[in-house]
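The values are calculated or read from the model by the stated rules, or taken from the named source; none is laboratory data. Values in this document were obtained by computation on a predicted structure and should not be read as measured data. Here Cβ is always computed from backbone atoms with ideal geometry, including for glycine, and neighbour counts include all displayed protein chains.
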């Protein structure tokens, strides 16, 4: 508010309004201040401008500081503005009184007190308007962040669903199923069961903001069953997750996206097997790591999109950063685990009926 391009007009109007209000209430006659009214009008304009500009500079400095909450920002604004108002009132008031009234400071007490009262009233009015402005702005930012979060969440879920229903995925799995039906009926039934589990989980993943890691791992096992049935000895996966980790929460389909990235962007063959490790070492994060054997033709943007969406969703939840590490031998992504109390207000995960 204080940085409005029309602020000088507002300062003039506020100063003039305050002077006319004081004049109409006959305050000058009541207190018998022996100063020309034109001088008083200029003093009103000077202190109004000083308070406004002082608040503007203070608010600008606060805008570059790390202030976490709206009400903490309001408290900082108000505290600083009180000091600024006192300094402006004393500086203008004492200077004017010394120049116009007398060099005897005893004659200044009443005019300076009245000026202080006026200045703090102006400051309270300005800060009240500024709080309303900050609150409306905060609501608007929160709304934009929520819309952005919904958009990137939808993008992540849509990307996951597209990857599962794309012709290559369906063709590959249907080819595997056809081969199993001809050679092993029991295995083909199990394959269909795991295949349906994968789709059921992904289609229902948008119902929850967070999911318990135990359920995500159950889903990942179904997804890995399809991959290992297809790639056979070309793919090996190890999962090492403690009970403490399994009770924590993560974003739905986040592990699946990381596993999928590993398979999609690396060579998977019997002669060059891909090794994927999923492990939790500290109960605070979970890591998906694979040996690096990048395909010659790789869609780097596709890799980054999935990782970026996961990172942004964790940022929105206020959790630790997603960590990506790439060496000559390995590529790994570590995502934070979220531990919630039983009475947490965050949406809890539900069963997907596995």
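The table below gives the values:
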{"item": "Residues located in region 238-258, provided they are surrounded by 21 or more Cβ atoms within 10 Å (Cβ to Cβ) and either touching a helix residue (DSSP H, G or I) at 6+ places or on another chain (Cβ under 6 Å) or in a helix (DSSP H, G or I) (or both)", "result": "245, 248, 250, 251, 252, 253, 254, 255, 256, 257, 258"}
{"item": "Answer residue from region 292-316, given it is surrounded by fewer than 16 Cβ atoms within 10 Å (Cβ to Cβ) and in contact with a strand residue (DSSP E or B) (Cβ under 7 Å, 6 or more places away or on another chain) and is modelled with the lowest pLDDT among those", "result": "295"}
{"item": "The listed residue being in a helix (DSSP H, G or I) and modelled with pLDDT of 85 or more, out of 195, 118, 219", "result": "219"}
